[in-house]
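Enquirer: I'd like to ask you about the structure that follows.
Just so it is clear, none of the values below were taken in a lab; they were calculated from the coordinates. From a predicted model like this one, the values you see are computed outputs, not experimental measurements. Note that we place each Cβ from the backbone using ideal geometry, even for glycine, and neighbour counts take in every protein chain shown.
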Amino acid sequence: MKTITKNITSLFKPYLTVKNSYKGGKGVISKFEGQKVYKLSSNENPIGTSPLAIEAIKNATKDLYFYPDTTDIRLREALEVYYDHQLNKEQFVCAAGGSELIDLIIRAFVKEGEEVIVSTPCFVPYKMFSKWSGAEVINVPLSETDYSLQVEGIINAVTEKTRIIFLTSPNNPTGSYIKKREFESLLKQLPPHILVVFDEVYWHFAEAEDYTTALPYIAEYNNIIAINSFSKTYGLASLRIGYAYTNETVAAYLRQICKPFLITKLSLEGTIASLKDDEFINKTIQTIQTERKFLEEQYTLLGIQFYPTQANFFLINPPIPSTEFVEFLANEGIAVRPVDNFGAQGMVRISIGNREANEALIVALKKLVATITN
Ligand SMILES: *Cc1c(COP(=O)(O)O)cnc(C)c1O
């Protein structure tokens with residue numbers, strides 16, 4: 001063997017750095033005995049998990065020593081039924097979370113040196129996973145006034161090297177959404193080989209009349225992939241499962257690079273059961289929509305600056321510097337999320353909780369506002 005003089009660290013890929021690693025929303029710990037704590041930092045379901053899913057998961061535990069199904073076909077069949085056969089089972093791809101699908105799509109379509117377009121403030125994994133592939137991330141920020149999508153800006157940013165445009169509606173962390181006519185205008189102007197990844201994981205919570213998912217456009221446009229997740233509406237964040245839908249050709253291409261046994265038995269059984277639990281889903285949507293109105297009123301009364309939202313969280317502009325604000329609420333037993341790394345400097349994202357959590361939040365905010373004004 002020849003003498004090797006290179007240090008192993010010199011082989012590290014320059015774009016795989018700590019700077020590009022992910023940090024999730026933190027919880028808080030009680031500051032005194034008996035203090036209740038509330039986690040409003042990761043947009044989790046405020047009413048828990050579908051009881052039907054929990055039952056199915058419990059039943060599945062007796063078979064844990066077996067490998068799970070090699071494919072996601074049973075979930076894809078359940079999704080076809082859930083979508084009322086508007087999509088067929090060959091149009092879905094399931095993976096270990098919406099995030100995993102984002103990674104899968106980037107690996108499938110983007111090479112080192114190619115470009116993806118994002119619009120900040122946005123979900124961190126688009127940028128992070130693109131950088132992991134050595135791609136260039138081109139940012140066309142959302143409008144500063146109302147966080148609307150800059151359609152012309154995106155079209156102007158397209159180059160020979162553009163591969164993917166990431167869109168999110170409702171958007172995380174702003175809660176803003178893409179209007180139907182904006183989406184249509186973008187689709188019409190884009191060259192057909194540029195992929196549009198439409199992340200709609202919060203779609204159940206949207207109420208705006210001109211809101212749309214990607215569903216009505218899938219048949220006409222071959223370059224759309226929609227991303228969905230079981231982490232938010234379905235209350236299954238711990239199971240790590242999500243799905244994408246697109247045309248059959250793209251779906252088949254993506255499925256061939258899914259790792260074998262990527263979806264666990266528990267995830268498969270839990271999600272199939274949850275898709276049938278209309279009662280739980282409706283109750284979740286109802287809770288979010290009711291609590292969203294309640295919080296809007298309360299924030300207004302308190303003079304807390306917030307942005308209109310179609311999602312299960314609010315982006316707020318805190319009355320004191322965001323680090324102090326987050327720390328103040330942590331001391332009150334409430335975890336919220338600073339979102340500077342999403343591209344929203346000095347802002348904080350607060351998930352919509354159940355009434356008890358939201359009331360605790362408002363009590364804490366009242367206390368804060370009183371200390372500021374005194
Ligand atoms: C939560 C979230 C996802 C998916 O999360 P997973 O837990 O990986 O399924 C995807 N996109 C956005 C914008 C999100 O907020």
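Enquirer: With +1 on each Lys and Arg Cβ and -1 on each Asp and Glu Cβ, and nothing else charged, work out how big the dipole of region 51-277 is about its Cα centre, in Debye to the nearest 20.
Expert: Magnitude of the dipole: close to 640 debye.
Enquirer: Would you please classify the overall shape of region 172-317 from the alpha carbon gyration tensor, given that a ≥ b ≥ c denote the square roots of the eigenvalues, rounded means a/c under 1.5, and beyond that prolate means a/b larger than b/c while oblate covers the rest?
Expert: It comes out oblate by the Cα gyration axes.
Enquirer: OK, next. Would you compute, from DSSP H runs of 4+ residues alone, the mean residue ellipticity of the chain at 222 nm, taking -39500 (n - 2.57) per run and dividing by the full residue count, rounded to the nearest 500?
Expert: Taking each H run of at least 4 residues, the total per residue is -11000 deg cm²/dmol.
Enquirer: Mind checking which helices in the chain clear 20 Å along their axis (Cα) and have mean Kyte-Doolittle hydropathy of 0.0 or more, DSSP H runs only?
Expert: Within the chain the helices that satisfy the rule are 355-373.
Enquirer: Relative contact order (percent) for the chain, with alpha-carbon contacts under 8 angstrom and 6 or more residues of separation?
Expert: Taking the mean separation of contacting Cα pairs over the length of the chain, I get 25 percent.
Enquirer: Hand me the chymotrypsin sites (Phe, Trp or Tyr not before Pro) from region 219-293 located in a DSSP loop with no more than 14 other Cβ atoms within 10 Å, in residue order please.
Expert: F261
Enquirer: Can you give the % of DSSP beta bridges in the chain that are antiparallel, to the nearest 5?
Expert: If we restrict to bridges inside the chain, about 50 percent are antiparallel.
Enquirer: Please tell me the relative contact order of region 257-370 in percent, rounded to the nearest whole number, where contacts are Cα pairs under 8 Å and at least six residues apart.
Expert: Rounded, it is 23 percent for region 257-370.
Enquirer: Next question. Note the direction-averaged projected area, equal to a quarter of the hull surface, for the Cα convex hull of region 51-277, in nm².
Expert: 12.1
Enquirer: Taking the Cα of F66, stepping 7 Å toward and past its beta carbon, and measuring to each backbone N in region 261-275: which are under 20 Å?
Expert: Answer for region 261-275: 261-274.
Enquirer: Set the bar at 21 Å for Cα to Cα. Now go through K39/K179; K179/K276; K180/K283; K39/K232 and name every pair that lies beyond it.
Expert: Those over the limit are K39/K179; K179/K276; K180/K283.
Enquirer: Using 0.36 nm per residue of separation minus the Cα-Cα distance, give me the extension gain between L11 and K31 in nm, one decimal.
Expert: Length gained between L11 and K31: 2.7 nm.
Enquirer: Mind checking the full-extension length gain between K367 and A157? Use 0.36 nm per residue of separation minus the Cα-Cα distance, one decimal, nm.
Expert: Gain on stretching K367 to A157: 71.0 nm.
Enquirer: What net charge is computed for the residues neighbouring E44, neighbours being all others with C-beta under 12 Å from the C-beta of E44, Lys and Arg scored +1, Asp and Glu -1?
Expert: Overall, the nearby charge balance is +3.
Enquirer: Additional query: With springs only between Cα atoms under 10 Å apart, run a GNM on the chain and tell me which of L167, L215, L302 wobbles the most.
Expert: L302
Enquirer: Further question on the same structure: What does the highest-first list of 150-160, 5-15 look like by mean Cβ count within 10 Å?
Expert: 150-160, 5-15
Enquirer: Rounded to the nearest Å, what's the spacing between the alpha carbon centres of region 39-98 and region 142-198? Just the number, please.
Expert: Measuring centre to centre over Cα atoms gives 29 Å.
Enquirer: Work out the charge dipole of region 51-277 with +1 on the Cβ of Lys and Arg and -1 on the Cβ of Asp and Glu about the Cα centre, then indicate which of V158, Y177, A226 is farthest towards its positive end.
Expert: Of the options given, the answer is A226.
Enquirer: How far apart, in nm, are the 7 Å Cα→Cβ label points at D84 and K111?
Expert: So the label points at D84 and K111 sit 4.3 nm apart.
Enquirer: While we're here: Can you list the HN-Hα couplings for region 133-144, worked out from phi with the Karplus curve (6.51, -1.76, 1.60; θ = phi - 60°), rounded to whole Hz and with x for Gly and Pro?
Expert: Each residue of region 133-144 in turn: 9, x, 7, 8, 9, 9, 9, 10, x, 5, 4, 5 Hz.
Enquirer: Tell me, what is the percent relative contact order of region 68-226, built from C-alpha pairs under 8 Å that lie six or more residues apart?
Expert: Once divided by the residue count of region 68-226, the mean separation gives 17 percent.
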